[in-house]
Amino acid sequence: MHVLLVDDDVALSEMLTEYLAGEGIRTTAAFNGPDGAAVALSGHFDVIILDIMLPGMDGNEVLRRIRQTSAIPVVMLTAKGGDVDRVVGLEMGADDYIAKPYYPRELVARLRAVTRRQQGSAPAMDTGVLKIGALELSSGKSEVLWKHSAFELTTSEFDLLEHLMRGGELVSSKEHLSLKVLGRPREAYDRSVDVHVSNLRKKLAACSGGEAEIETIRGVGYRLRLPS
């Protein structure tokens with residue numbers, strides 16, 4: 001795994017780089033927003049760790065530029081208690097977030113969770129094709145189609161759609177989706193799954209003309225609805 005770390009804290013970046021090296025993860029660091037945005041789309045990285053508070057250009061703007069052309073996994077670094085920052089980052093297409101200060105071991109777990117599709121390391125998933133009506137998803141190709149036309153999803157959105165397709169008529173709880181899609185237990189007041197569902201819902205509506213939708217079962221969770 002090759003990680004791009006965009007954080008203006010040089011000392012912390014050096015310590016994290018050393019820790020990640022011990023986990024077999026290669027790290028390249030950028031210390032401001034413009035530099036991070038410039039190298040993020042080089043195609044050399046598997047995942048980006050992106051701090052929100054950056055000089056020159058904040059993390060949300062860097063993320064916006066990345067999402068204009070790339071679905072590379074992005075884990076945001078937020079201030080402890082920065083709930084608004086977390087929601088904004090997720091709504092803009094971040095795959096996950098972690099609050100500072102954080103345990104490096106937890107960060108590694110988040111990185112591995114968001115890159116499992118690229119690395120092909122999700123044992124519960126096969127590499128076949130799922131097809132429900134006009135919606136088709138290929139785990140092996142990391143591709144999703146509506147009526148044979150491909151559309152772009154982030155890693156977390158792709159994994160979320162895959163789980164909902166596999167669930168069929170069953171309702172998937174937020175707790176289940178947090179574990180299976182984000183790779184972590186759902187915390188109290190955690191809106192990550194809801195925001196990913198909202199983002200996926202908008203993309204499905206746009207590509208399908210409203211034919212494909214995610215149904216909310218109040219107090220329970222979500223399931224996918226497609227024309228019969």
Conditions (1) open to solvent by 10 Å² or more (accessible area, probe 1.4 Å); (2) modelled with pLDDT of 90 or more; (3) within 20 Å of Glu136 (Cα to Cα); number of the one not met by Asp194: (3)
Check on Ser42, part of a helix (DSSP H, G or I) and of a type in the set (Gly, Ala, Ser): no
Condition met for Ser198 (in contact with a helix residue (DSSP H, G or I) (Cβ under 7 Å, 6 or more places away or on another chain) and closer than 22 Å to Val88 by Cβ): no
Residues satisfying the stated conditions in segment 159-175, i.e. open to solvent by 40 Å² or more (accessible area, probe 1.4 Å) and under 11 Å from Ser139 (Cβ atoms): Arg166
Checklist (1) at pLDDT 95 or above; (2) out of contact with any helix residue (DSSP H, G or I) (no Cβ under 6 Å at 6 or more places or on another chain) applied to Leu50, failing item: (2)
Subset of segment 39-66 (residues that are out of contact with any strand residue (DSSP E or B) (no Cβ under 8 Å at 6 or more places or on another chain), open to solvent by 30 Å² or more (accessible area, probe 1.4 Å) and either closer than 16 Å to Val84 by Cα or of a type outside the set (S, T, N, Q) (or both)): Leu41, Gly43, Pro55, Gly56, Asp58, Glu61, Arg64, Arg65
Segment 162-180 residues that are at negative phi, paired with ones that are open to solvent by less than 60 Å² (accessible area, probe 1.4 Å) and of a type in the set (Asp, Glu) (beta carbon under 8 Å, 6 or more apart): Lys174/Asp194; Ser178/Asp190; Lys180/Asp159
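Considering only residues that are within 26 Å of Val129 (Cβ to Cβ) and open to solvent by 20 Å² or more (accessible area, probe 1.4 Å), which ones fall in segment 197-214?
Arg201, Lys202, Lys203, Ala205, Ala206, Cys207, Gly209, Gly210, Glu211, Glu213
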Every residue from segment 141-156 that is touching a residue at least 12 places away in the same chain (Cβ under 8 Å), surrounded by fewer than 22 Cβ atoms within 10 Å (Cβ to Cβ) and within 18 Å of the chain's Cα centre (by Cα): Ser142, Phe151, Glu152
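The values are calculated or read from the model by the stated rules, or taken from the named source; none is laboratory data. The structure displayed is predicted, hence computed values, not measured ones. Neighbour counts are summed over all protein chains in view; Cβ atoms, including those assigned to glycine, are modelled from backbone coordinates with ideal geometry. The accessibility values were calculated without ligands, DNA or RNA, using every heavy atom of the protein model including side chains. Shrake-Rupley method; radii C 1.70, N 1.55, O 1.52, S 1.80 Å.
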